[in-house]
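First the structure, in the form of structure tokens, and then the observations on it.
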Amino acid sequence: MLARIPSTWRHTGPIRSVQVRARPEGERIPLLADWPRLLDAIRDAGEVVLQVRHRYGRLIGCGQLPALSWDATGQNARGGGDGHALDLHTARWAHACGRVRTCARCCSPGGIFIHDHGDAGFLQICPPARASATRWAHLLDEWRSGPPLPPASRPPAAAFSALPVALPASARPLGGEAATLLALLQAVIDQKLAIGCALETAGARQYREFVPRHLALENGLLILSGDGVVAQVILPVIAGLALDDADDAAPAGRRGGVLHLVNADGSSLLSVGPASGPPAATRWRTVLRSAFAGLR
């Protein structure tokens, strides 16, 4: 059974998912579902802001889409390097649409939104604020599969309700309170420790290494950010913590142990572990031991 978090984690009001409000401007342009070629075209377009998200959190990072290697089925791809990894499972993808519009928050000139077969959005790819809106519009026109979606046929705007994946079987419960988690993350910031965060849904998994510089709580939302990476999780949804321990023979991202923020249904909302390399793993383990009494 998962370690339960005391009432300090709990939320008195209704728990809402991480959502993006609908905007009336910007046509929704349906895109051709030739996933390998579409992703190659996006990669050729240069730097993007890549967001993998589920109902309770999201992981955002900037950079060029990594070159992808596809398996024999043509439905599973993996790519990455320099502290960024991306795993995609396109059998879970149903449709994609694009928009040319200026985001009021980040000033991005548009975006591509990918939804699963339940019409839940889980992957968002946007050009950075400094990108050319004209170039983005040309990209969407090249991949347009039909006329703009009429209002009546649009799915709920940014219906980002995809669910997180199950906790790894190798993870074990780890006791702690909300204050313990926050103190751990603050210690990571204070020590300028490089970490790796991963967020996964059935359709996509993103992993980012970065040095966190800011920790914030805004309306129940836990926000950890730095080096162009932002991780967000709804704090009251966290029902427990679990540690996926590993020895030195494990992949670099798991050495020193990976901490999972666990939902009540046993899914992993977000995982946090050391960045690549033995020094980071050693320092991460020291921080973990300081935060959780009795951890070897």
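Put His95, His138 in order of accessible area, highest first, and with a 1.4 Å probe you get His138, His95. Under the shape rule built on the C-alpha gyration tensor, where the axes satisfy a ≥ b ≥ c, segment 26-143 is rounded, since a/c falls short of 1.5. Roll a 1.4 angstrom probe over the protein heavy atoms and tell me the percent of accessible area of segment 26-143 that is carbon or sulfur. Solvent-exposed carbon and sulfur of segment 26-143 make up 48 percent of the total.
Subtracting the Cα-Cα distance of Arg78 and Ala91 from 0.36 nm times their residue separation leaves 3.3 nm of extension gain. At a probe radius of 1.4 angstrom, the accessible area of segment 26-143 per residue rounds to 44 square angstrom. Of the accessible area of segment 171-292, computed with a 1.4 Å probe over protein heavy atoms only, carbon and sulfur atoms account for 53 percent. Average accessible surface for segment 171-292: 36 Å² per residue, computed with a 1.4 Å probe over protein heavy atoms with every protein chain in place.
The values are calculated or read from the model by the stated rules, or taken from the named source; none is laboratory data. Please read all numbers here as calculations on a predicted model, not as lab measurements. Calculation scope for accessible area: heavy atoms of the full protein, side chains included, ligands and nucleic acids excluded. Shrake-Rupley method; radii C 1.70, N 1.55, O 1.52, S 1.80 Å.
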